[in-house]
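Shown next, in structure tokens, is the structure this report addresses.
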Amino acid sequence: MLGRPLRVLVVEGAPDAAERLIHALRGGGIDAAWARVETAEGLCAALSAGPWAVVLASDDLPGCGAAVGLALVRRADPDLPFIVVRETADVDAAVEAMRAGANDCVATDSLARLVPAVEREVREAATRRDLEEQFRQAQKMEVLGQLAGGVAHDFNNLLTIINGCSDLLLQNLPPDDPSRSLVAQIHQAGERSVGLTRQLLAFIRRQVLAPRVFNLNEVVADADNLLRCLIGDGVRLVTALAPDLWAVRADPGQVGQVLMNLAVNARDAMPGGGRLAVETRNVELDAAHAHPGGRAGPHVLLSVTDTGSGMPPEVQARVFEPFFTTKVHGTGLGLATVVRIVEQSGGHIGVRSAVGVGTTFAVYLPREETLGVK
Ligand SMILES: Nc1ncnc2c1ncn2[C@@H]1O[C@H](COP(=O)(O)OP(=O)(O)OP(=O)(O)O)[C@@H](O)[C@H]1O
Ligand SMILES: [Mg+2]
């Protein structure tokens with residue numbers, strides 16, 4: 001459960017006392033890689049050579065007692081667990097150490113407490129770091145969103161001029177004018193840019209626009225023609241739609257967008273052709289099988305499977321990240337938009353992929369318990 005091996009920094013004057021601490025950790029099943037320092041200078045050097053998972057500091061070291069050690073550790077890493085080690089248990093001293101900012105205080109005459117204390121503090125520090133990272137990421141996205149929203153908006157206004165003027169020019173130029181093809185290219189590029197800004201704005205927009213209760217099969221059936229058109233002749237489209245599919249509550253237009261994004265990605269992964277399977281099914285997720293971030297209970301599954309290139313694990317780990325792309329002209333916003341739509345609808349998405357075999361994206365939307373709607 002804890003990182004292996006756990007890097008333990010011991011601030012202790014006596015080598016044998018430090019070894020006893022490590023012995024206790026190992027006896028409790030903690031695989032410790034450790035170093036010992038006994039001066040403030042030594043501690044500073046060790047901290048900058050880190051990272052460490054936990055610091056165990058003796059409180060009776062002249063020149064580098066727990067208080068000095070704590071200040072140095074906190075300056076280097078506010079989240080690094082710091083456990084004071086005393087010879088004997090002393091409630092007042094323990095309270096004082098923890099008031100000063102130590103995470104715990106353990107006595108060497110009852111070392112049984114050391115292992116659970118280290119395990120708990122290391123785990124809690126990891127959770128704190130995760131939360132901070134999530135928060136930082138959310139803040140970054142917020143700022144990026146504002147920036148991208150502003151740019152997309154202004155850019156859209158400029159595009160209206162570019163497209164409007166090139167359109168007028170095209171209408172006014174005689175059919176055999178040599179400039180026609182150039183103007184037509186400007187117009188085409190302008191239209192493509194409108195699509196791009198629209199995708200950017202859809203990504204930034206937060207609210208689901210028009211949620212209603214519907215049957216996912218309808219969206220797949222409606223998209224059939226468009227899908228065939230998108231994936232081209234080389235890819236065979238196979239649909240398997242469950243006849244008694246439960247209803248879901250979402251914005252059907254946006255769910256259509258989810259399907260399109262997944263289908264376009266699948267097409268891009270099968271440049272030499274292949275098979276695209278779209279399936280809908282009722283699934284009952286139990287707690288053990290619910291995906292990370294997903295809930296247990298009845299769901300409608302929409303899965304999109306291709307027989308394309310597949311992804312290595314390092315790509316798979318990043319596919320939902322905004323702006324992550326492996327394509328020359330990709331925006332990296334397709335799947336980020338998909339995630340946003342799915343999560344706004346109370347659902348979640350999973351991916352399974354094998355290089356050279358293909359990829360499945362599985363979208364789970366919670367069943368809507370409305371009577372009379374299928
Ligand atoms: N079905 C798939 N097979 C293989 N790789 C995929 C698949 N779907 C997504 N990916 C990978 O995930 C990356 C991110 O996908 P995403 O849709 O977010 O952006 P994109 O497709 O690169 O750009 P855009 O959607 O703007 O065209 C892709 O660049 C690709 O590397
Ligand atoms: Mg894409």
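The values are calculated or read from the model by the stated rules, or taken from the named source; none is laboratory data. Since this is a predicted model, take the numbers as computed values, not measurements. Neighbour counts are summed over all protein chains in view; Cβ atoms, including those assigned to glycine, are modelled from backbone coordinates with ideal geometry. Side chains are part of the model used for accessible areas, which takes the heavy atoms of the whole protein and leaves out ligands, DNA and RNA. Shrake-Rupley method; radii C 1.70, N 1.55, O 1.52, S 1.80 Å.
Of note:
- Residue satisfying all of: in the range 331-343; open to solvent by 30 Å² or more (accessible area, probe 1.4 Å) and of a type outside the set (V, I, T); farthest from ligand 2 (Cβ to nearest atom) among these: E343
- Any hit, the range 147-168, residues being within 19 Å of F323 (Cβ to Cβ) and loosely packed, with under 12 Cβ neighbours inside 10 Å: yes
- Checked against the criteria, L131 counts as within 25 Å of G332 (Cα to Cα) and modelled with pLDDT under 85.
- Inside the range 230-267, residues that are assigned to a helix (DSSP H, G or I) and farther than 25 Å from L201 by Cβ make up a count of 1.
- Flag if E12 is open to solvent by 70 Å² or more (accessible area, probe 1.4 Å) and at pLDDT below 90: no
- Some residue of the range 268-286 being part of a helix (DSSP H, G or I), in the same structural domain as V339 (by TED's automatic domain parsing), farther than 20 Å from V355 by Cα and more than 16 Å from ligand 2 (Cβ to nearest atom): no
- Yes/no for H348 being free of Cβ contacts under 8 Å to residues at least 60 places away in the same chain, in the same structural domain as V235 (by TED's automatic domain parsing) and either over 20 Å from M141 (Cβ atoms) or away from ligand 2 (no atom under 16 Å from the Cβ) (or both): yes
- Whenever a residue of the range 306-332 is farther than 16 Å from A362 by Cβ, its partners that are within 12 Å of ligand 2 (Cβ to nearest atom) and hydroxyl-bearing (S, T, Y), lying with C-beta atoms within less than 6 angstrom and at least six residues away or across chains, give the pairs G332/T325.
- All told, A266 meets the bar of being within 13 Å of ligand 1 (Cβ to nearest atom) and open to solvent by less than 10 Å² (accessible area, probe 1.4 Å).
- Qualifying positions in the range 236-263 - within 16 Å of ligand 2 (Cβ to nearest atom), open to solvent by less than 50 Å² (accessible area, probe 1.4 Å) and in contact (Cβ under 8 Å) with a residue 60 or more places away in the chain: Q254, V258, N261, L262
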